[in-house]
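What follows is a set of notes on a single structure, which appears directly below.
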Amino acid sequence: MEFKKPRGTRDFLFDDMQKRKYVENTIRSVVENYGFKEVKTPIFEDLELFTTRSGEGIKDEIYHFKDKGERDLALRPEMTASVARLYNNNLQREAKPLKMYYFGSCFRYERPQAGRFRQFWQFGVEVIGGTPIYNEAEIIAMANEALCKLNIQNFEVAIGHLGIIKGVLNYYDIEAEKQTEIIASIDKEDFQLLDDILTSLNIDDEGKDIITSIIDVNGGRSDLIALKDKLAGIDDSLAAVDELNEILINIEAFGFEDYTVKLSIARGLDYYTGLVFEVYVPDLGAEKQITGGGTYNLMGLFDAQEVESTGFAFGFDRIMEAYNRQEIEIPQDSTTRTLIVPLKTDFRGDAIKLAQKLRQNDIITDVDLKGRKLKKNLSYANAHNINKVIILGAKEVEENTATIKDMASKEQVTVPQDEIVDTILN
């Protein structure tokens, strides 16, 4: 019987994993340079962690089950709630800010389609506590730096602030439930629905014009400042404009100015409180968003002390799809890899001893224990990016030497075995 991988999942072969590890390690390097430390959470959590945050309807979109103890559990559909739970369980008393990152797989039960899978990966960062305006500027600059180092082409960074639109909705005394509907319609860019909701709430033409003016902002910092005339008298919205302006000034201090102020970004999630941002790669078509985030407060889920958090998550698979679409090549791997070839089965013991010596010096080493012909071993080395083949024949074993063949130059040299490490490394 032949078994196949479950629907919506993938196998990653050698070349796939080499590219994925390069992308993962590049992002790790960037975020660690900014002082972030890694955390890990379980792949499954209590189902209630996700239903409390997202409502009972999420059960139709996720993998959930009862374990043998009749506990309701779920495979995590994202990691922000898990990190909030981790903070509540373990880190509330720690000095702030807490700068953490995570990388792992998540699961959603949805119809697989291009760029969307039932098992997928997220690489996220969270800053809990600290100075919000600086945190917000830092994570956006950091996301930009990571994508630049990955050589992603033509990506766009769009930045908004929910406080601006929420200030107007509060000014018109719109109740929270209706505010959620309004923000959801903006997030979906369903402007007819938006107009219908506003009309049903008896919002006059002036109010509609103010809201339209906000969501039409799609430019630079000067466009944000120009909006203040429209918001005269709406103090909460004016304060949010000033806050976003200060964030943008700080972003520019990080050396990043190629952003767009886009106030129609709503993210569609109730817990965002201020800054929101998204990053797009147009080459990905309809699934062009590769990251999104902002400032929020999830701690209310746990009756914990309120603390402002800022974070985002890269859709890791979207980044990999961008690599494929844009045909980005990862840097050539310069790691030294060796293959030891004993020309007779009697020399296998000598080959293993030599291999252990090389491994103890952090040289990646394999040994041919199948007894292949030398020509086949050379072909094997080429196929597996092995750059040095070490040949042990009767003469080498007798004289305690080894012949090293460079697979790139095709040159070979015979050296004493006590010099082999220096010869390979130099």
Using +1 at the Cβ of each Lys and Arg and -1 at the Cβ of each Asp and Glu in the range 352-426, identify which of L369, L392, V421 lies farthest towards the dipole's positive end. L369
Keeping all protein chains in place, calculate the accessible area per residue for the range 209-337 (probe 1.4 angstrom), answer in Å². 44 Å²
Alpha-carbon centroid distance for the pair the range 23-63 / the range 338-354, whole angstrom: 47 Å
With helices defined as uninterrupted DSSP H runs, which ones in the chain have an alpha carbon span along their own long axis of at least 24 Å and mean Kyte-Doolittle hydropathy of at least 0.0? 132-149, 235-253
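Counting only protein heavy atoms and using a 1.4 Å probe, what share of the accessible area of the range 67-173 belongs to carbon plus sulfur, as a whole percent? Mind showing how you got there, number by number?
Details: 1950 of 4360 Å².
So the carbon and sulfur contribution to the accessible surface is 45 percent.
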Name the residue, out of L275, L248, L86, whose mean-square fluctuation peaks in a Gaussian network model built on the chain with Cα pairs under 10 Å. L86
Springs between alpha-carbon pairs under 10 angstrom, Gaussian network model over the chain: which of F65, F103, F44 fluctuates most? F65
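Hey, what's the range 84-158 come to in accessible area per residue, 1.4 Å probe, Å²?
Working: 3120 Å² over 75 residues.
For the range 84-158, the per-residue accessible area is 42 Å².
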The pairs in K375/K410; K353/K375; K375/K395; K149/K288; K5/K68; K21/K149 lying past 21 Å Cα-Cα in this model are K353/K375; K5/K68
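Assign one of three labels to the range 153-236, namely rounded, prolate or oblate, based on the Cα gyration tensor with a ≥ b ≥ c the square roots of its eigenvalues; rounded applies when a/c is under 1.5, prolate when it is not and a/b is larger than b/c, and oblate otherwise. Could you put the intermediate results ahead of the total?
Values: a/c = 1.95, a/b = 1.33, b/c = 1.47.
Verdict is oblate for the range 153-236.
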Using alpha-carbon positions, what is the distance between the centroids of the range 178-207 and the range 80-150, in Å? 31 Å
Top mean-square fluctuation among E156, E399, E175, Gaussian network model of the chain, C-alpha springs under 10 Å? E399
So, by mean Cβ neighbours within 10 angstrom, what's the order for 326-333, 223-230, 158-165 with the highest one leading? 158-165, 223-230, 326-333
May I ask which residue of Q92, P112, H64 lies farthest towards the positive end of the charge dipole of the range 1-117, with charges of +1 (Lys, Arg) and -1 (Asp, Glu) on Cβ and the Cα centre as origin? Q92
Can you give the net charge of the other residues whose Cβ lies under 11 Å from the Cβ of R118, counting K and R as +1 and D and E as -1? +4
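Given R₀ = 56 Å, what would the calculated FRET efficiency be for Q356 paired with I249, taking r from the Cβ atoms and rounding to 0.05?
Values: r = 58 Å, r/R0 = 1.03.
Once the sixth-power term is evaluated, E becomes 0.45.
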Give the long-range amide H neighbours of T401: residues separated by 5 or more places, or on another chain, with amide H under 5 Å away, using H modelled in the peptide plane at 1.01 Å from N. Q417
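How would the range 1-146 be classified by its alpha-carbon gyration tensor: rounded, prolate or oblate, with rounded meaning a/c under 1.5 and the a/b versus b/c comparison settling the rest? Provide the component values of the computation, followed by the final result.
Values: a/c = 2.18, a/b = 1.23, b/c = 1.77.
Taking the square roots of the gyration eigenvalues as a ≥ b ≥ c, the range 1-146 is oblate.
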What shape does the range 189-302 take by its C-alpha gyration tensor, where a ≥ b ≥ c are the square roots of the eigenvalues and a/c under 1.5 counts as rounded, a/b above b/c as prolate, and the rest as oblate? rounded
Test item: Cα-centred dipole of the range 281-426, Lys/Arg +1 and Asp/Glu -1 on Cβ, debye: 1000 debye
Built amide H within the under 5 Å cut-off of D366, gap 5+: T338, L339, I340
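The values are calculated or read from the model by the stated rules, or taken from the named source; none is laboratory data. Since the structure is predicted, the reported quantities are computational estimates derived from the model, not experimental observations. All Cβ positions, even for glycine, are placed from backbone atoms using ideal geometry, and neighbour counts span all protein chains on display. Side chains are part of the model used for accessible areas, which takes the heavy atoms of the whole protein and leaves out ligands, DNA and RNA. Shrake-Rupley method; radii C 1.70, N 1.55, O 1.52, S 1.80 Å.
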